[in-house]
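Novice: Before anything else, here's the structure in question.
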Amino acid sequence: MSSEGSPEAARPSNFIRDIIIADIAAGKNDGRVHTRFPPEPNGYLHIGHAKSICLNFGLASEFNGKCNLRFDDTNPSKEETEFVNSIMEDVRWLGFEWDALFYASDYFDQLYAWAVQLIKSGNAYVCDLTSDQVRATRGTTTEPGTASPYRDRTIEENLDLFGRMRAGEFPDGTRTLRTKIDMTSPNFNMRDPVMYRILHAHHHRTGDKWCIYPMYDYTHGESDSIEGITHSICTLEFEDHRPLYDWYVENLGIHHPQQIEFDRLNVSNTLLSKRKLLLLVQKGLVSGWDDPRMPTLSGLRRRGYTPEALRTFCANVGVSKTNGVIELGLLEHFLREDLNKRALRAMAILDPLKIVITNYPADLTEPMEAVNNPADESAGTRTVPFSQVIYIENDDFREVPPKKYYRLSPGTEVRLRYAYFITCQAVIKNEAGEIVEIHCTYDPASRGGNSPDGRKVKSTIHWVSAAHGVQIEARLYDQLLLETTGDETADSDFTSQLNPQSLVIPPNAIAEPSVATAAPGTKYQFERVGYFTVDPDSTPEKPVFNRTVQLRDTWAKIDKAQQP
């Protein structure tokens, strides 16, 4: 079960960790620690789930315990094997391995038997009210609910009706099994909650064996109990459900795990509603669940995020009892830190401007030695071809430079990365007055970017040889949302907040030839441009790169400014 992610999980103490330490000291559960990660397979995991994964698996690893992966597959109309497979892939990609794999559907027979037990003890009844009628009788925050007219059915009648529900005698929605608790409780979850509903739907694992399915609140605690879970760690929205969780396991007389709630991971400008993410996919507003703009783990993986960066991020945001929003910049900060250590360096031009070095031999190509990663000496070096005609970024030239502009302009000298000093001599324009190329001269004595006479050059710019560069597709991704959506359950048209510039593809991007045959997933820092990852769509004939994150790190500047 343990993984390379455990060091991050063992960072500064949090209140859940403190509870576990106290439980072990008291000998609770014989000192065992057993957690679980229980997603519903109705979509792909997103970054919000990463926090729960790291917390559950990390705590189990730290305390030499176990962590299960359990699929809460009690809603067959929305669940698919595709989602099951993607979840397993994502958990493993994050660096974790489960001790045991379970499905809530594994327990359907036992859950049914326990429901019969609750009927026999007078704690459950079959109700004929529709879902709308049940809601209407729930009451309000100031008024108690109204008891169902079917609440006092005899045990024998309830057993008969529940058996017939299972046998498929009744249509969907005509009857439910409800728990008989307290219609006057201030906690709505205790006002005779529904345990089972009729749903004639094919299940991805049990097929057509069942036409009644248990509700999550009924399934949750019992599944934890069956698996011997000691600490059932949930997000804060389940805090009001804890009394019901406790009620079920206590009234069934089974092992009682401890439910503990923590804050959800909410990230600014990031959509974390599965329902809305599904709509984006269904409406074709993204290319799929793994679209690099999506906050899904598969989307982040395709974009070039690393599991190490996500684990470090989750460890640093910590856990609390108060929901908040974490700035996206913090996640990007940890991503840059990790990519800086592992990404290969290369030179690429997104918006090319042609440079002709007039005094450089037209038939000469020189191999320039370049460092693959200055943060990792073991990455070695590579050679980059240099020739008379090169491309630089359009932004690296100004015919009329503004104040403090130190890059290339008429009469100025700049350093070409790993190559020579060049000086702009002429600006060539077409009939429309548009710049088509720049003529420069070079200093042969400055090979490698060093001047033998010690003269200072204020700017170093990157370049690509026109004769040797390869055309690439550079997919420049930005945040999918223009602003935070707020209430994820709201029915407002959130698509109006989609960023029209969330994907931009420059038409003429070019890169040094070393990147042409890189395998999908290979990570680069295109020097002075950003971090990029080779996309699965990439081929040697048409290399495709996803921009993972820009080089600018505003979070680091803010963090440094706040330090004493």
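The values are calculated or read from the model by the stated rules, or taken from the named source; none is laboratory data. The structure displayed is predicted, hence computed values, not measured ones. Virtual Cβ from ideal backbone geometry, glycine too; neighbours counted across all protein chains shown. The protein model used for the area step is the full one, side chains on, heavy atoms only, and it has no ligands, DNA or RNA in it. Shrake-Rupley method; radii C 1.70, N 1.55, O 1.52, S 1.80 Å.
Novice: Could you tell me what percent of the DSSP beta bridges with both partners in the chain are antiparallel, to the nearest 5?
Specialist: Antiparallel bridges: around 65 percent, rounded to the nearest 5.
Novice: Give the long-range amide H neighbours of Ile260: residues separated by 5 or more places, or on another chain, with amide H under 5 Å away, using H modelled in the peptide plane at 1.01 Å from N.
Specialist: So Ile260 has HN proximity to Ser232, Ile233, Cys234.
Novice: Taking the Cα centre of each part, how many Å lie between the stretch 437-488 and the stretch 179-250?
Specialist: Taking the Cα centre of the stretch 179-250 as reference, the centre of the stretch 437-488 is 57 Å away.
Novice: Separate question: Check the straight Cα-Cα distances from Lys51 and name the lysines below 21 Å, setting aside those fewer than 8 residues away within the same chain.
Specialist: Candidates past the 8-residue exclusion: Lys66, Lys274, Lys276, Lys321.
Novice: Once you've got the Cα coordinates, tell me which of Lys354/Lys523; Lys404/Lys456; Lys28/Lys120; Lys180/Lys209 are over 20 Å apart.
Specialist: Lys354/Lys523; Lys28/Lys120; Lys180/Lys209
Novice: Divide the volume of the convex hull of the Cα atoms of the stretch 106-167 by its number of residues and quote the answer in cubic angstrom per residue.
Specialist: So the per-residue hull volume is 114 Å³.
Novice: Rounded to the nearest 0.05, what FRET efficiency is calculated for His439 and Gln501 with R0 set to 25 Å and r the Cβ-Cβ distance?
Specialist: Given R0 = 25 Å and the Cβ-Cβ separation, E is 0.15.
Novice: Quick check on packing: order 69-77, 278-286 by the mean number of other C-beta atoms within 10 Å, highest mean leading. Spell out each step's value before the answer.
Specialist: On the way: 69-77: 21.7, 278-286: 14.1.
Top to bottom by mean Cβ count within 10 Å: 69-77, 278-286.
Novice: Let me ask something else. Take the Cβ-Cβ distance between Val389 and Asn14 as r, set R0 to 60 Å, and report the resulting FRET efficiency rounded to the nearest 0.05.
Specialist: The calculated FRET efficiency here is 0.55.
Novice: Please give, to one decimal in nm, the separation of the simple spin-label points placed at Ala22 and Asp246, each 7 Å out from Cα toward the Cβ.
Specialist: It works out to 1.4 nm between the two label points.
Novice: Taking N as the number of residues in the chain, what value does Rg over Cα atoms divided by 2.2 N^0.38 Å take?
Specialist: Taking the Cα Rg and dividing by 2.2 N^0.38 Å, one obtains 1.25.
Novice: Please work out the FRET efficiency for the pair Leu551 and Lys283, using the Cβ-Cβ distance as r and a Förster radius of 41 Å; give the result to the nearest 0.05. Please list the in-between numbers first.
Specialist: Values: r = 33 Å, r/R0 = 0.81.
About 0.80, to the nearest 0.05.
Novice: Under Stokes-Einstein, with the Kirkwood radius over Cα pairs standing in for Rh, what whole-number D in µm²/s applies to the stretch 38-147 at 25 °C and 0.890 mPa s?
Specialist: Approximately 143 µm²/s, per Stokes-Einstein.
Novice: Moving to a separate point now. Leaving out ligands, DNA and RNA, what percent of the accessible area of the chain is carbon and sulfur, probe 1.4 Å?
Specialist: On the way: 11940 of 24550 Å².
Looking at the chain in its full context, I get 49 percent from C and S.
Novice: What are the ³J(HN,Hα) values, in whole Hz, obtained from phi via the Karplus relation 6.51 cos²θ - 1.76 cosθ + 1.60 with θ = phi - 60°, for each residue of the stretch 17-29 in sequence order, with x given for Gly and Pro?
Specialist: Those phi angles translate into 4, 5, 4, 5, 4, 5, 5, 5, 5, 7, x, 5, 6 Hz.
Novice: Taking every pair of distinct Cα atoms and averaging 1/r, then inverting, what Kirkwood hydrodynamic radius in Å comes out for the stretch 369-472?
Specialist: Hydrodynamic radius (Kirkwood, Cα pairs) of the stretch 369-472 is 15.0 Å.
Novice: Tell me, how many Å apart are the Cα centres for the stretch 331-358 and for the stretch 91-168?
Specialist: Each part's Cα centre sits 57 Å from the other's.
Novice: Please compute the Cα-Cα pair-distance distribution of the stretch 151-251 with 10 Å bins starting at 0, giving whole percents from short to long.
Specialist: 13, 39, 36, 12
Novice: So what is the 222 nm mean residue ellipticity for the chain from helices alone, if each DSSP H run of at least 4 adds -39500 (n - 2.57) and you divide by all residues, rounding to the nearest 500 deg cm²/dmol?
Specialist: Counting only the DSSP helices, I get -8000 deg cm²/dmol.
Novice: While we're on this one: Quickly rank 236-244, 509-517 as a protection proxy: mean count of other C-beta atoms within 10 Å, highest first.
Specialist: 509-517, 236-244
Novice: Oh, and also: Compute the accessible area per residue over the chain, keeping the other protein chains in place, probe 1.4 Å, unit Å². Spell out each step's value before the answer.
Specialist: Working: 24550 Å² over 564 residues.
Per residue, the chain has an accessible area of 44 Å².
Novice: Kirkwood Rh over Cα pairs of the stretch 109-213 into Stokes-Einstein at 25 °C, 0.890 mPa s: D in µm²/s?
Specialist: In µm²/s, the coefficient is 173.
Novice: What angle, in degrees between 0 and 90 and rounded to the nearest 10, separates the Cα long axis of helix 81-93 from the longest principal axis of the Cα atoms of the chain?
Specialist: 60 degrees
Novice: Right, something else. No other cysteine beta carbon under 4.7 Å away is the test; run it over the chain and list who passes.
Specialist: Cys with no partner Cβ under 4.7 Å: Cys67, Cys127, Cys211, Cys234, Cys424, Cys440.
Novice: Now for a different question. With Cβ to Cβ distances under 10 Å as the rule, what net charge do the other residues near Asp224 carry (K, R +1; D, E -1)? Mind showing how you got there, number by number?
Specialist: Details: positive: Arg36, Arg70; negative: Glu222, Glu227.
Local charge sum for Asp224: 0.
Novice: While we're here: Amide H to amide H, which residues 5 or more places from Cys440 or on other chains are under 5 Å from it, using H placed in the peptide plane?
Specialist: Val356, Ile357, Thr358, Gln425
Novice: Helix 216-226 versus the longest principal axis of the chain: what angle, 0 to 90°, nearest 10, using Cα atoms?
Specialist: Helix 216-226 sits at roughly 90 degrees to that axis.
Novice: So what's the projected area for the stretch 142-202, the Cα convex hull averaged over all directions, in nm²?
Specialist: Numbers: hull surface 19.3 nm².
Value for the stretch 142-202: 4.8 nm².
Novice: Which whole number in µm²/s is D for the stretch 285-400 by Stokes-Einstein, with the Kirkwood Rh taken over Cα pairs at 37 °C and 0.692 mPa s?
Specialist: On the way: Rh = 18.3 Å.
This corresponds to a translational diffusion coefficient of 179 µm²/s.
Novice: Just report the Cα centroid separation between the stretch 496-536 and the stretch 271-324, whole Å.
Specialist: Measuring centre to centre over Cα atoms gives 19 Å.
Novice: So how exposed is Phe188, as accessible area in Å² (1.4 Å probe, rounded to 10)?
Specialist: Result for Phe188: roughly 80 Å² accessible.
Novice: Another question, if that's okay. Under the 0.36 nm per residue contour assumption, what length would be gained going from the current alpha-carbon distance of Thr423 and His200 to full extension?
Specialist: Length gained between Thr423 and His200: 72.6 nm.
Novice: Please list, in chain and number order, the residues 5+ apart from Thr270 or on another chain whose amide H is under 5 Å from its amide H, with Hs placed from the backbone.
Specialist: Thr485
Novice: Quick one: Debye curve from the C-alpha atoms of the stretch 254-311, no solvent, what's log10 I(q)/I(0) at q = 0.22 Å⁻¹?
Specialist: Cα-only, vacuum Debye calculation for the stretch 254-311: -0.90.
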